[in-house]
Amino acid sequence: MKYDIIIGLEIHAELNTKSKMFCSCLNKSDNLKPNINVCPVCLAHPGTLPVPNKSAIEKTILLALALNCQINQETKFDRKNYFYPDLPKGYQISQYDKPFGFDGYLEIGDEKIEINRIHLEEDTGKIFHDKNGQKTLIDFNRAGNPLLEMVTKPTIKSALQAKVFAQNFQKILRYLNISNADMEKGEMRCEANVSLQEKDCWYHKNGEIIAKNKNKLNSKVEVKNINSFKALEKAINFEIKRQAELLDKKTEIIAETRGWQESSEETVYQRKKETAADYRYFKEPDIPLFKIEKEEILNIKNQLVELPINKKKRLIRQYGIKSDSAEILVNDKLLADFFEKTVSELGAWIKAEGDKYIRQEKKLAQTTANWINGELLKHLKANKKSAKDIKITAENMAELISLVWREKINSNTAQKLLKIMYENGGDPSDIMADLGLEQIDNSQELEKVIKRIIEENKKQLKEYKAGKLTVLKYFIGQVMAATRGKANPRVVKELLEEILKSN
Ligand code: ZN
Ligand code: MN
């Protein structure tokens, strides 16, 4: 690439407060009859006055603190003026020059992505065009819902990095329990600003790109209509390629807003890009300026939880599990919690067994991570569920793992048990007894089966005797089948080798 790639992200997220941003209507707009949660304030009837939602402000400041932002202690709301039918007031109450948070960063791997600002505003209604284009319907249930906006500085260098940033940002919103942040539902919406510049002829200041030595800068393009992480990465990559091709042909890039079109996998022209001046920002006269005391900020800071990146580092350090395993676990705070609880319960199970296992704590923790990230996650994904839907208690999960660990059951049986536990909960020993799944490791019983199987497979026995040792696997398979998977495979292997030798 002969150009510097410069990407900035703007992410909007719906806050999960009880009521709307400036009135007491419920903050609930999904799967509802249209225009149910509305009132004169959010419908902008003349003479009504907005009252800011304290909880929304606290959630915004909490995020700002989590992302290492400075907090504006003297702040205000502003009017952003534009006309669109889904905006009843004819302006959006937003924040212009005094956002709640500014100058923060989010660590991704070894890099810090700088954050320009985090502010609070209100959402718009939703527009529906009927199929034949004759009518347009508007639902104001969403109008006036608290909406958080985060803007990065132009310090993202690739589509992949933008995607990873957005994924981490989503995780943090969920960890802080301030937004559900589902992109498909529009609870989190990403827009990307993309530009290409000649190498090393620019720098950035206050979120803006500035030319070094009076170079002429290329315009940036804003990409909208992005509703998945995959789309975010694809849209940015498409835009980089499109702009590079134009620049190679010495064609000027136009400052425009383009929309990502999923069907054709391209960005298409929507409109010329508006600038701040177009919005005629001015202070919202109906809401007084306000101060946030240091003490209030400290109170909010106390609600900070361990963030995904720190949790990942701690899981690796504390339990000695692999980085990949920790990464999967911290994707969902509840899954990581379930892992930690299970390991802690396992400690009790294992200690009861005696010191033989005590030195193997790391191995046990890794085994636990493998069962959770493997089999359990597989069931969750297949059923489109998440960790909050797990019916298995940590105690029962620990017991299941300890049963495998102590070779009371083989992993085949454990998988069967886990499936039943996933569906109905329950104690693995009880389920095992009910279904007669206990492992057979009684040598005499197994010997009988093995001898019978060798008797029935003379041809394979000959091959084995002739030195084809891989036939052993065949015999193991036969024994496992004959015992309906309940035999202890280790014991089977040992017995088989012994009996085959003597045959
Ligand atoms: Zn209302
Ligand atoms: Mn906005």
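The values are calculated or read from the model by the stated rules, or taken from the named source; none is laboratory data. In this text the structure is predicted, and so the values were computed from the model without any measurement. Cβ sites come from the backbone with ideal geometry, for glycine too, and all protein chains shown count toward neighbours. Keep in mind that these areas ignore ligands, DNA and RNA; they rest on the heavy atoms of the full protein, side chains included. Shrake-Rupley method; radii C 1.70, N 1.55, O 1.52, S 1.80 Å.
Classify the chain as rounded, prolate or oblate from the Cα gyration tensor: take a ≥ b ≥ c as the square roots of its eigenvalues, call it rounded if a/c is under 1.5, otherwise prolate when a/b beats b/c and oblate if not.
Details: a/c = 2.51, a/b = 2.05, b/c = 1.22.
It comes out prolate by the Cα gyration axes.
Quick one: helix 489-502 against the long Cα principal axis of the chain, what's the angle to the nearest 10°, folded into 0 to 90?
That helix lies at roughly 30 degrees to the long axis.
Using a 7 Å offset from the Cα along the Cα-to-Cβ direction at both residue 157 and residue 274, what is the distance between the two label points in nm, to one decimal?
Spacing of the two 7 Å Cα→Cβ label points: 3.5 nm.
Taking the Cα centre as origin and putting +1 on Lys and Arg beta-carbons and -1 on Asp and Glu beta-carbons, what dipole magnitude results for segment 375-460, to the nearest 20 debye?
Values: 15 positive and 15 negative charges, 118 e Å.
For this selection, approximately 560 debye.
If eta is 0.692 mPa s and T is 37 °C, what Stokes-Einstein diffusion coefficient results for segment 253-324, Kirkwood Rh from Cα pairs, in µm²/s? Don't skip to the end; give the middle numbers.
Values: Rh = 18.7 Å.
Reported coefficient: 175 µm²/s.
Give, as a single signed number, the net charge of other residues whose beta carbon lies under 14 Å from the beta carbon of residue 380, with Lys and Arg counted +1 and Asp and Glu -1.
Details: positive: 378, 381, 384, 385, 388, 391, 419; negative: 332, 375, 389, 423.
Here the charged neighbours net out to +3.
³J(HN,Hα) across segment 305-320 via Karplus (A = 6.51, B = -1.76, C = 1.60, θ = phi - 60°), whole Hz, x for Gly/Pro?
Along segment 305-320, the couplings run 10, 4, 7, x, 5, 6, 4, 4, 4, 5, 4, 5, 5, 6, 10, x Hz.
Let me know the Kirkwood hydrodynamic radius for segment 284-442, please, with Cα pairs as the basis and the value in Å to one decimal. Could the numbers behind the result be given before it?
On the way: mean 1/r = 0.0567 Å⁻¹.
Final number for the Kirkwood radius of segment 284-442 is 17.6 Å.
Roughly how many debye, to the nearest 20, is the charge dipole of segment 357-503 about its Cα centre, given +1 on each Lys and Arg Cβ, -1 on each Asp and Glu Cβ, and no other charges?
On the way: 27 positive and 20 negative charges, 154 e Å.
It works out to roughly 740 debye.
Lys/Arg Cβ at +1, Asp/Glu Cβ at -1, dipole of the chain taken about the Cα centre: which of 299, 137, 259 is farthest positive-ward?
Comparing the listed Cα positions along the dipole, 259 ranks first.
Using Cα pairs under 8 angstrom and six or more residues apart, how large is the relative contact order of the chain, in percent?
Working: 830 pairs, mean separation 65.0, N = 503.
Computed value for the chain: 13 percent relative contact order.
Which FRET efficiency value, to the nearest 0.05, is calculated for residue 484 and residue 28 with the Förster distance at 51 angstrom and r the Cβ-Cβ distance? Present the calculation step by step, with values, prior to reporting the outcome.
On the way: r = 51 Å, r/R0 = 1.00.
According to the calculation, E is roughly 0.50.
Can you check what the net charge comes to around residue 479, using other residues whose Cβ is under 10 Å from the Cβ of residue 479 (Lys, Arg +1; Asp, Glu -1)? If you can, show how the numbers build up before the last one.
Working: positive: 452, 493; negative: none.
Charge balance near residue 479 sits at +2.
Pairs of Cα atoms under 8 Å, at least six residues apart: use those to get the relative contact order of segment 255-379, whole percent. Working shown, then result.
Numbers: 73 pairs, mean separation 21.2, N = 125.
Relative contact order here is 17 percent.
Would you work out which of 57, 387, 325 lies farthest towards the positive end of the dipole of the chain, given +1 charges on the beta-carbon of Lys and Arg and -1 on that of Asp and Glu, about the Cα centre?
It is 325.
Note down the nm distance, to one decimal, between modelled labels 7 Å out along Cα→Cβ at residue 180 and at residue 135.
2.7
Residue by residue, what Karplus-based ³J(HN,Hα) values in Hz, rounded to whole numbers, does segment 277-294 have, using 6.51, -1.76 and 1.60 with θ = phi - 60° and x for Gly and Pro?
4, 4, 8, 6, 4, 8, 4, 5, x, 8, 10, x, 4, 9, 10, 10, 6, 3
Write down the accessible area per residue of the chain in Å², having rolled a 1.4 Å probe over the full set of protein chains.
Spelled out: the 1.4 Å probe surface of the chain, per residue, equals 53 Å².
With axes computed from alpha carbons, what is the tilt in degrees of helix 159-175 against the longest principal axis of the chain, rounded to the nearest 10 within 0 to 90?
80
Where does each of 116-126, 442-452, 402-412, 308-318 land if you order them by average Cβ count within 10 Å, highest first? Write out the running numbers ahead of the final one.
On the way: 116-126: 22.8, 442-452: 14.5, 402-412: 18.5, 308-318: 16.5.
The densest-packed peptide leads the list: 116-126, 402-412, 308-318, 442-452.
Helix-only mean residue ellipticity at 222 nm, the chain, DSSP H runs n ≥ 4 weighted -39,500 (n - 2.57), per residue, nearest 500. What is it? Could the numbers behind the result be given before it?
On the way: 16 runs with 198 residues, N = 503.
Here the helix-only value at 222 nm equals -12500 deg cm²/dmol.
What does the charge add up to near residue 67, with Lys and Arg as +1, Asp and Glu as -1, over the other residues with Cβ less than 11 Å from its Cβ? The partial results should precede the final answer.
Details: positive: 112, 117; negative: 103, 107, 114.
Value of the local net charge: -1.
Does anyone have the angle between helix 333-353 and the longest principal axis of the chain? Alpha-carbon axes, 0 to 90°, nearest 10?
30
Under the rule a/c < 1.5 gives rounded, and otherwise a/b versus b/c splits prolate from oblate, where does segment 191-292 land using the Cα gyration tensor?
Numbers: a/c = 2.18, a/b = 1.32, b/c = 1.65.
Oblate, because a/c is 1.5 or more while a/b does not exceed b/c.
Could you sort out which of 234/272; 291/311; 163/322; 153/224; 28/385 sit more than 27 Å apart by Cα distance in this structure?
Values: 234/272 22 Å; 291/311 33 Å; 163/322 23 Å; 153/224 18 Å; 28/385 22 Å.
Correct reply: 291/311.
Sort largest first and round to whole Å: the equivalent ellipsoid semi-axes of segment 14-108, each the square root of five times a Cα gyration tensor eigenvalue.
Numbers: eigenvalues 144, 56, 31 Å².
Three semi-axes, in Å: 27, 17, 13.
Measure off 7 Å from each Cα along the Cα-to-Cβ vector at residue 210 and residue 103, then give the distance between these two points in nanometres to one decimal.
1.5
Through the Karplus equation 6.51 cos²θ - 1.76 cosθ + 1.60, θ set to phi - 60°, convert the phi angles of segment 104-116 into ³J(HN,Hα) values in whole Hz; use x for Gly and Pro.
Result, ordered by residue: x, 7, 10, 7, 10, x, 8, 10, 9, 8, 7, 10, 7 Hz.
Taking 0.36 nm per residue of sequence separation and subtracting the Cα-Cα distance, how much length would be gained by fully extending the chain between residue 261 and residue 498, in nm to one decimal?
Answer, rounded to one decimal: 78.7 nm.
For a test of the definition: using alpha carbon positions, the gyration tensor, and the 1.5 limit on a/c, classify segment 68-116 as rounded, prolate or oblate. Walk me through the numbers before you get to the answer.
On the way: a/c = 5.00, a/b = 1.97, b/c = 2.54.
Cα axes put segment 68-116 in the oblate bin.
Determine, for each peptide in 12-20, 476-484, 464-472, the mean count of other beta carbons within 10 angstrom over its residues, then list the peptides with the highest first. Before the final figure, lay out each step's value.
Values: 12-20: 21.1, 476-484: 16.1, 464-472: 12.7.
My ranking of the peptides, most packed first, is 12-20, 476-484, 464-472.
Going by Cα centres, segment 430-471 and segment 213-250 are how many Å apart?
Spelled out, the Cα-based centre of one part sits 64 Å from the other.
Would you mind working out the magnitude of the charge dipole of segment 1-157 relative to its Cα centre, with +1 at each Lys and Arg C-beta and -1 at each Asp and Glu C-beta, to the nearest 20 Debye?
Values: 20 positive and 20 negative charges, 116 e Å.
With Lys and Arg at +1 and Asp and Glu at -1, about 560 debye.
Under 5 Å between amide hydrogens, which residues at least 5 positions from residue 202 or on another chain qualify, with H placed 1.01 Å from N in the peptide plane?
Distant-sequence amide H within range of residue 202: 212.
Averaging sequence separations of C-alpha pairs under 8 Å and six or more residues apart, then dividing by the length of segment 18-81, give the relative contact order as a whole percent.
Numbers: 41 pairs, mean separation 17.3, N = 64.
About 27 percent, as a whole number.
Given a 1.4 angstrom probe, I'd like the percentage of the accessible area of the chain that is carbon and sulfur, rounded to a whole number. The partial results should precede the final answer.
Working: 13150 of 26480 Å².
Its accessible area is 50 percent carbon and sulfur atoms.
Checking a compactness column here: for segment 426-476, what do you get for Rg(Cα) / (2.2 N^0.38 Å), N being the number of residues? Walk me through the numbers on the way to the answer.
Working: Rg = 15.9 Å, N = 51, 2.2 N^0.38 = 9.8 Å.
Relative to the 2.2 N^0.38 Å estimate, segment 426-476 comes out at 1.63.
In whole angstrom, note down how far apart the Cα centers of segment 1-78 and segment 257-307 are.
Each part reduced to its Cα centre gives a spacing of 8 Å.
Rank by packing, highest mean first: peptides 211-217, 39-45, 100-106, with packing defined as the count of other Cβ atoms within 10 Å averaged across residues. List each step's numbers first, then the result.
Values: 211-217: 10.7, 39-45: 16.6, 100-106: 21.0.
For the peptides 211-217, 39-45, 100-106, the packing ranking is 100-106, 39-45, 211-217.
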